[in-house]
Each structure stands twice: as C-alpha cells, then as structure tokens.
There are 4 protein chains.
Amino acid sequence: MTQRPTIGVAVVGTGRMGADHVRRLDRVTSGARVAAVVDVDAERAKRVADGVEGCAAFTDAAQAMAADGVDAVLIASPGPAHEAALLAAFAHDLPVLCEKPLTPDAASALRVMEAEQRLGHRRVQVGFMRRYDAEYQRLKALLDGGDLGRPLMLHNQHRNVSTPPGFTNEMTVNDSAVHEMDVARWLLDQEITAVTVLRPRPSSSAPDGVDDPQFLVFETDGGVLVDVEVNLNCGFGYQVRAEAVCERGTARIGDGVGLVTHTAGRWGGTIDQDFVTRFEDAYDRQVQAWIDATARGETVGPSVWDGYAAAAVCEAAVRAQQEGHRVPVDLVDRPPLYR
Amino acid sequence: MTQRPTIGVAVVGTGRMGADHVRRLDRVTSGARVAAVVDVDAERAKRVADGVEGCAAFTDAAQAMAADGVDAVLIASPGPAHEAALLAAFAHDLPVLCEKPLTPDAASALRVMEAEQRLGHRRVQVGFMRRYDAEYQRLKALLDGGDLGRPLMLHNQHRNVSTPPGFTNEMTVNDSAVHEMDVARWLLDQEITAVTVLRPRPSSSAPDGVDDPQFLVFETDGGVLVDVEVNLNCGFGYQVRAEAVCERGTARIGDGVGLVTHTAGRWGGTIDQDFVTRFEDAYDRQVQAWIDATARGETVGPSVWDGYAAAAVCEAAVRAQQEGHRVPVDLVDRPPLYR
Amino acid sequence: MTQRPTIGVAVVGTGRMGADHVRRLDRVTSGARVAAVVDVDAERAKRVADGVEGCAAFTDAAQAMAADGVDAVLIASPGPAHEAALLAAFAHDLPVLCEKPLTPDAASALRVMEAEQRLGHRRVQVGFMRRYDAEYQRLKALLDGGDLGRPLMLHNQHRNVSTPPGFTNEMTVNDSAVHEMDVARWLLDQEITAVTVLRPRPSSSAPDGVDDPQFLVFETDGGVLVDVEVNLNCGFGYQVRAEAVCERGTARIGDGVGLVTHTAGRWGGTIDQDFVTRFEDAYDRQVQAWIDATARGETVGPSVWDGYAAAAVCEAAVRAQQEGHRVPVDLVDRPPLYR
Amino acid sequence: MTQRPTIGVAVVGTGRMGADHVRRLDRVTSGARVAAVVDVDAERAKRVADGVEGCAAFTDAAQAMAADGVDAVLIASPGPAHEAALLAAFAHDLPVLCEKPLTPDAASALRVMEAEQRLGHRRVQVGFMRRYDAEYQRLKALLDGGDLGRPLMLHNQHRNVSTPPGFTNEMTVNDSAVHEMDVARWLLDQEITAVTVLRPRPSSSAPDGVDDPQFLVFETDGGVLVDVEVNLNCGFGYQVRAEAVCERGTARIGDGVGLVTHTAGRWGGTIDQDFVTRFEDAYDRQVQAWIDATARGETVGPSVWDGYAAAAVCEAAVRAQQEGHRVPVDLVDRPPLYR
C-alpha cells in the first residue's frame, strides 16, 4: 500500500450524465473530490456546485481547468463540445475521462488523436463503461484465456424499453450500436472492417420514421462475424446480451444469470470459492453505509440487540448440539432503545 | 445534495479482517480516511499505518480513540477483546462498526447492551454484512412487500470448501451458523425461540471430531420453521443460499442467478428497466479506475484510438443503413501511441 | 430384436386413475391391449369397455382374471380392495401392476408379501411411478455412479396447488409423503429407520384442521438425513423437487431445468451429444401422430407443399452460398389442397 | 373413446433411420405393426423382418405396398429414391410418412405435389419431426396465442459436435439448415422470400473445404428476419436453439431449461399445475416397462417389499405427526425374494 493524494476533478457539463458523475465523485468514488463544475448555464452550474464542499462553478471549461485544485477533467457535455474541451485539457496536460462519443465524427476524432500524439502521451480515457461491467470483464477474461479457442462469431442484443421523443435512425447507430462496436473491438481485440444493416418490418411500437429493430452485421479483420440486434422499443426491459461462439464452446452474458458457458458436453457457470468473492460487495456496502450514516450523525444497521440475540441463539445451538435435543432460547425483554 | 465531512476512522485490530478494512476505508469507501490503527503487535500496527497517508499507529484502543482526527471506530480485533473496545468507544461517544460476534457470549453482550442504554442512544452497528448483500436485500424487500404472503419456512444452506485446521463443532455454530441466525431474524423480523441440531453420518471429508455437515432447525416466535444445512467441507465451493417458502409463492437466492421466484404458475426473475440499474456498477468502477490511474500518474482504459474507431464504424453503419448495402470501414494506420 | 406377443390386460377399477390407465394401454402403450375392465359399478365398467375394441366388462376381479385373453392385471381400485385383488392375481399367477398404496397398512402389506413368497417368484410391480421419471432416473444414475461421493442429505419438496375437500393430516402422509418415502429409499438404496414431523404455523390457505405445510425428517440406516417439505396448498403450482447433498457435490431436479449439479467449482447441466437423445421424443410423437391420424383416415403434419418449399429455399441457399450474395426464392402459387 | 384398428406399415429402407423406425413402430408406437420392410439389399431386409412378428421382406417398394396387411408406408430410403416410392404409394392411395427431404430438389418436389393433387387429397406427411418436439410446440403455441405480439426476428442456432467424413458445403444447407427453414416457415406461418449466406473465417475444427460455421439470413413474406448459425463442428454438443423476438417480448428454447420468456419486466418459465402434466411421461414409461417385462416373462420395478416398507414408514409418520416426537420405524427382516 502506498499513500495517495485526493484528486480534484472538474466536471464539464452538468446535465443528467454530468450531475450523476458529480454525485458519484462526491459520494461513491474513493480518493476524489469535485473541485469544479462547468456549464454554459451558469445557474445550473452554481446549483450543482453548492451541493458539494469546496466546489467552484464555471461557465468556461478552460477557465475551470486553470483553477486551483483541479487535477483532472471529466467531460460530460454534449458531443459537439467535446473537441474544444479535450484540446483545452491537453493545453493543461490534464487527465480526462470523456463520455462517449469522443467526438461526433471520425474527422474530429482524428484531430483529437493528432493533438494527443503531439502531447506525447495518453491523457484521455473514453467512457465506454461496458468494459468495466463485471460480466463483460469475465467474458473478456475467458476469451483472452483461450480455453474456448478462437472466437468465430458474436451474437449480441441491445434492447431498450422505448426510445425517447425525437429519436432517429442515425441515433440507433450513434447512441446505441456504438457501444456494441466498442464491445466487439475490445472483446476480440480486432478492428471492424465492414458493416451491413438489415431490417425486419418495423415493430408497431417503433415511432414513425424509425426502423426498429435493426440487425447490424460487422466483419472484423480477424475473420469474426458479429451480429447485433438493436431493438429500442422492445417494451419489456433493458437488456444487453452477448454470446461468443468459439472453436471449442460458447459463452454468454446478459441474462441476469452471470456468465454461462457451453463446453465439453456441459453448460453452466462457476461457483465462488470463498466469502471474499461472494460477499465483497456486501462488505464494501456495509462500510459505506456506516460511514454515510456517521456523516449524517446517525447509527443504522444491525444493533447491539441483534448481536446479543445471535449470541443467545448460539449458546442454545451449542447446547442442542452437545445434548442432542431441542433447546429453547431465552432472551431478556427487548429494551426500548432497540425497538 | 448536502456537504459532508470526511470521517476519520480508528481501526482496532490489523489482522486479516482489520487490514482488509483499512484497505477498504482507504481505497474503496468514499468520505472516509483511516486516521489511526491499533494492534497489540506494535510493529504490525506501524507497518499498516505506514501505507496510509496521515495514519497513526497505536497499541491501545482507548488512546487511539482519544487521538486527533478520530471520528469513528471500526473494531476488528478478536471477539474476546470487543467488550473493552466497545466500552472505550462509548466513553468517547464514538460511532462503532463492530465485526461479528458482538462479544463471545450472551452475558457479555448484555453488559454492552446495558452500557449503550446508559449512553442513551445507539452507537454500534454490528458487522452482519449479509444484510448489505444485494440478493439478500432483494429477498428482504420482497418478503416485506408482502406479495408472497406470510413466510412459513426458510430453507438455507451455508457451504464452505473446507474447514481450517483446529476447527471444532462449536465453531460450526459460532462462526458459521451465526450468520444464518441473524439472516433469519432479519429477513423475518422475528426472534428465534428454539434450536434443534440434527446430524447425518459425517462426510469423509470432515476432520476427525467435527460432525460435518450439520442440520439446524430454528423455530421463531412468528411460527416460522427455519432449517439450515451447515456444510463446511463440501469441497466444491462457497455457497450461501436461502429459500423462503411463503403462503403464495417461494423466493430463493444464492444460485448465482439472482433472485428467483415461483409464484402464480411461473418461475423466474426480473429484468432491469434501464441502463442505470444494469450498468450502475460499471459506471462506478469506470470512474474509480480512472481516479486510481490518475493518482498513479497513468492513463488506462479505452483510448482516443478506440473513440476514433467507433466514430469511423458509426459513419459506415449510418451509410449502410441509408444505402441498404454492405459498407467497408476505412481506418487510418494505428499510431504507435495506441498500440 | 425378438418377436413378442400382445399382452391382454385386465384393469381393476375404472375411476379416474383406472380410466386413465385404460386410455394409456389402448392408445399409448405398445404391445398391450385392454382385454377386460372391472368395476363394482357395472354400468361404469360397461361404458369404459365399450370404448375399447374386444374389451369385456366385469364386476368381479377374480372372474375377469379367469377370462380368455387376460395375461396381466392392473389394479387401480381403492386401496382397501387391493389385498383381495392381489391374492386373486396370485391364484392365477398373473403379473400385476398395483397402484400405490400396495395396501393401506403394514400388516396387510405383510400378508401380501407372505403370499407372494409362497408363490415363489415376484409377480407384483407397485406403482411408484416417480422411479420412471426421466429426471429422477438421471439423479439415481448420478448417485449410483459415485462421482459425487456418498450422499449425506436429501432436501425434498412436494408442493401442490391445493388440497381437495375432505383432506386430513393423515392423508398428508399416506397420499403425498408416501412418494417421498419411496423416492428416498430408492435413490439411496437404504431403509428409513426413524421419522420426525415438524410444523410451522399453518398457512392461511390450509383448510381448517389441516396442518399445512409440514416438514418431515427421515433418518436412514446408511446415516443419511432426509428432509421433506410437504406443502399442499402452496397456490402457485405442482412442484416436486429433490436435492442430493453428497460428499463432493450436489445435484438437484424439479426446477423445470433438468438435472443441475454443483461440483468442482461449477454449476450446470449436460448437453445432448446427438439428435437421437435431443429429439427422440419428437420422433416417437411424430410417428404416433401419423399412426393415429391414419387410423382416423386423416393426413396431418408437414405437407408436400412444405417439402417443396424447403427444397426451393435449399436451392436458393446453395446458390447464395456459392455466389456470395442475397438470392431471392421463387415459389409456385400455393395450390388449394395445401391452403 | 372409439375403437380403432391396428395399422400395418411397410417401411421402405432399412438403413439407420429405417431400422430405427421399424423398432419404434414395433416397440414404441401404439396401434401399429410393421407388416413389411423393403430394401434393395434383400439380406438386410430379411434380417430386419425376422425380428418382427408377422413381417414380410421385399426388395421392391411397389410390391410391398400391394401386400396383404399393408395400410400405410413409411419411406426412409435415400432421398433420390423418394419420388418413385411416393408415386407408388399414390397408386395404392396409401398414407405416407416420408423422411426429409421430400425429394432432393424443387423440380421433383413439384412433380410429387402435382401427383398428390391429381389424387385429390393429402396422403403425405413429411418427416420434419421438430414440429413434434415439445419445446418447439410450446414456442409455436405461444407465438400463435399472440401474447408477445407480432414476431420480428428469429435467432436460431444449429450445432453439431462434428461432421462425418465426406461432408460438403451443400450438405450444410440440404441436411442441416433445411430443418431451420421448415421451423421458420412453420413457427411464423410465412414463406421465405430470400436467402443470404455469410461466413466467418472457418473454424480450425472444420474439415478442409467446408466453410463451418455459416450464418444464414432468411427474409420472409411477413417481414421477419431469420438468422441461423449453422455450426457443425462445434465440438461441445448437439444444440438446437431458437429465440423469437416479438413486439412485446422474447421467447427461447433449446438451452435444456424449457421455454424461457422475457416479457413485461420478467424472465422465466411456467410451472406445472398438477401431477398429470408433470409426471405424464413417468406414467407412460412405467406402464410400458411393465408390459415389456411381462412380455419377457419378468417382473421388475418397485416390489411388494417396497410397498410394505412405505406402509411401515407411513404408520410411523402418522404417529410422529400425532405424538409430536421422533418415531422409529420397525421393519421385518427382508425376505430373500426381495434382496
């Protein structure tokens, strides 16, 4: 364990995603603080900043990046504003987490790439957050491990309950399928070389003018065929699934049942080997809940009464174990403090 | 959103659990810092403290609690040391997270309970961390919601790969079944009134002198029958399962497939309704990974190249969509910075 | 393959179970015919006999067993009538399939056992039909194979939607739990040596005076502990489950997902290795449907049009395969005969 | 219930499929007998006929169809011989079950279709046996019921462990994908209007010259897009899956877990409502096993001892129920007849 500083972050854009990142950096992320927020809407920026200790509000991204205590930048403004914000961050040589898309088109993305190359080192992480999903990470590890052999096909589905007003066919690609492109490239470690888009007769749930669902086929430079159902008015839920078909088996995620493989005559998943992996999240949540309650001046969770009752039941159970018969449990009356 | 302070924690005990809590408070928990560590082994305390910024080492818990910057206490020392540490925390009126067991027996637990009552308000949270597990929480919410009717029975299993050297029959109760006691009490909101322990012929995997597995039956004051398989040398994995049998259906957790219900002629689970619930953890992990890398002076994760490649594939896909045929993707050569 | 005769069966009892066995022997079972039916209700016997070619009606079981063409006896009369019918069958040395219970109590069962011993060879098969269920057979084969080690515990559930009017606590044992007793004895190849019955507070769905659910615990002479939830007013469905906990893993059935094992760090099931096992039932049903339709003078199922359409699509697919592009399928107009 | 005759069947072709159908008609199918077998290999025909009571051997199909006792024809000869056999059956106006393919190409299928039309009524059932698979039938019923809305896409997979020697790309279509064509047409009640074949880089498990796997896309006259993975050297098992994506939900089969739907925020399957559906197959198998054993002069299955032991345990359980404590079970010594 080495000591580490607290990173001061400037969050650019305080819309839905930006505000959520402010909450996350302030309440969930360890080792970070929100030092500044930026929004062209000065009032909104101020409102968000007021909720966070020591956070300043700006309307100009470059100005925020120059401010005291800003060590890094999280860009969550609309896509067309990304290029300017990225170049400003490069000017201050600040680490950036940039929500997807990097920029709205390949030409502007190329300009950013050239600028970062001039900087001489990587400074940008793009917000393709599926790479941090536990199921995708397990699938990636399985494919990389090679036990299933070379991947041949990916069958992916991206399903949304419904599209918001104003949704267009282009958004099917740029807002939804874009995640599938990154996932395919990352899982396979290959580039996509061609795209075909097929379409059934649109669902009656699809808005006028939107061809939903669509079926995209990607070909990769490694010879893998990737098909993607993009189904944005499926009605029943949000569902992101992937099935990798490899030379010696298949693996799939996204059914709410973890990573399921089919290999060597068996289907199924793995079992945790100790409580650390099974209950790691529970330990993390327990301690966070305690810290959060403490910060509010409260005490929550299992009480001394619960600890006492467990001790009394344990004593009865040890006697039942030793004596071979049913043993009653005697508890004192429950004090008012624990009711 | 309201502003909040950073809570300075004194961690008492720096063995396996204590050291893990230090790591958690320092690296995972938001809004906390480890202000002090305590261990009767001064060298071990110092070694752990050295890895954390601004952390002091102590051999005496009461002294640590009096130190500057200590706002709360996490007790992870051996059970017999808990009572003294708890009373010391009460003397400083500090919030406590106390690893289970609260104390090793009902009599000492009663003394702690009386002391907290004299304090006049709750200060202790006991470390029954299963209450913070996502599956248990969903099961609890379902039972509380009442859709399945009144619970009639719980069928629980607690399985470990194997017991460590020196394991005894009493530890089956005090170290393992104790979690099941708390879970039953909490899920049902009822007290346990009697215990019976049944045993098949021991497994040949069980150490000499340990009756493993055991089968515990709890009766509650609400008339629920709880049976618990405690199977600590099962060999195949760590597995904690619970099935609640209610008047109108059943619900179970622990099979690695989430919460599965059987009700009204159907079995199954629920589907996320939006990306927030499906990918909340991925967003949290993404930002934490970025902050951690930034603190190390590194940039990791999806790069500008990945952002550019996605933009290029999107452009091809929109053309494929509009023109109705296969469209090749043209990428520039991958610059060395991104290889 | 050796040649074999058609077995003429006398069915004793034409109530719900008896009438269903007549249908089965006449329509489903290969190599059997219903030669006679017996019922104390002469009219009911005649009504059932009239529906079957060459079937005679009797009111006396012994008379039916003496009739021409009767090679075997299926007893489906009420339990108290079984002993007399069995002894009559022994007198004619006829093979018997006797619905459970063999007889209503141990003393009468002993008398039947002594009579069969005097006969000098087994003639009776008792109708514990779960032994013929595909899932139970797979579980039995797995346990017998020994891969999971010695069984330690069985956790079984027997759930019914609701009990019929007039149901009593004794029927919980004699009509429902009796199947679990046979299943436990058969799966383990062990005898039950003791029984305990535990009860939660009854479900509000249970009729007055019936303690439902109940929880039975069997001990066996091999040291296995068997627990059985008998839950006869569960409301949501009919469900028969069994989980065997063995020294090296667990196996369970009854969730509608086949046999699921937990062993060596993995959970899951097996995959068919060829179409014979996967589609054996489909082949059997296909041919039975064809024979049944032919007997009715009808032709059903996939038609020549379906055969033609498949041939035309195949031709297009082979061209698409060879030429590397989309190929349209041209069909002639569908003739009226196939609409 | 109406009386019905026994159907005498001539089986044309006694290779693997033909011999299996002879066994099925003789041993499994109710109401059928194999009256004749036909094979160009006279010796093979005689060998098969000898194993069946009252079965004659022929080398000419037309001759067999004219024989006494032949009421129907099952054609299991190689595809190129089907047309002649079908026309012969039409000449005798006999019902036919014809293994797929109907004929090897669309032109010959058209000729057969014209001949059947001249006959004036349907006489041919084509052996697309998947229509008789329980899972496909449940999926078909669900789609027909309309609860999920109009189907938009089908995602199907057909996986084999490995291809036999001599396998060609054309056989991928004609032997394997042909089933998927019929299934798509039948499930949707629509015709296929176009086919595209896509291919990833072949698996290293694929034989030289065979492009395996392949990915077929069918378009239908109802606007449904059907994609089919045909993966004939997948190595791990035989697997036939189908997922229907409809306007209000999805349904899939083939994972060994029955029919699983995703609809209205929930995934899962249905639960049987009574023992008739849950154990129907067990009852059928039980009676068939009894008849088969009887025909062999044997008695198998649960014995009088099993009936007695169950009665003794029931008596103990009723006492345990009434008296509220553990009750031992006393059995007489097991007689030698039942060991």
Subject >> Per-residue SASA entry for C:W186, accessible area with 1.4 Å probe, Å² rounded to 10 >> reply: 40
Original post:
Counting only heavy atoms of protein chains, what accessible area per residue, in Å², does the protein assembly as shown have with a probe of 1.4 Å?
Top reply: 36
**OP:** Compute for chains A and B the buried accessible surface, both sides summed, probe 1.4 Å, and express it in Å² to the nearest 100.
**Re:** 13100
Subject >> Which listed pairs, of B:K140/D:K140; D:K46/D:K100; A:K46/B:K46; A:K100/A:K140; B:K140/C:K100, have C-alpha distances above 32 Å, in listed order >> reply: B:K140/D:K140; A:K46/B:K46; B:K140/C:K100
Subject >> Theoretical gain in end-to-end length, C:L337 to C:E114 [0.36 nm per residue, Cα-Cα removed] >> reply: 73.8 nm
Subject >> Cα-based helix-to-principal-axis angle, A:304-323 vs chain A, degrees rounded to 10 >> reply: 60
Original post:
How big is Rg to Rh over the protein assembly as shown, alpha-carbon atoms, Rh as the Kirkwood inverse-mean-distance radius?
Top reply: 1.01
Subject >> Radius, Kirkwood style, for chain A when every pair of distinct Cα atoms is counted (Å) >> reply: 24.2
Subject >> Mean ellipticity per residue at 222 nm, deg cm²/dmol - from DSSP H runs of n ≥ 4 across chain B, formula -39500 (n - 2.57) >> reply: -10500 deg cm²/dmol
Original post:
So what does D:Y308 come to for accessible area, using a 1.4 Å probe and Å² rounded to 10?
Top reply: 10
Original post:
Which value, in Å² and to the nearest 10, is the accessible area of B:E53 when all protein chains are kept and the probe is 1.4 Å?
Top reply: 110
Original post:
What does the charge add up to near B:P213, with Lys and Arg as +1, Asp and Glu as -1, over the other residues with Cβ less than 9 Å from its Cβ?
Top reply: -1
Original post:
Share of the protein assembly as shown's accessible area from carbon and sulfur, percent, 1.4 Å?
Top reply: 50
Original post:
So how far, in whole Å, is the C-alpha centre of segment B:63-105 from the one of segment B:231-289?
Top reply: 34
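The values are calculated or read from the model by the stated rules, or taken from the named source; none is laboratory data. Remember, predicted model here, so these are calculated numbers, not experimental data. As a convention, Cβ positions derive from the backbone with ideal geometry for all residues, glycine included, and neighbour counts pool all protein chains shown. Just the protein is used for accessible areas: all its heavy atoms, side chains included, with ligands, DNA and RNA removed. Shrake-Rupley method; radii C 1.70, N 1.55, O 1.52, S 1.80 Å.
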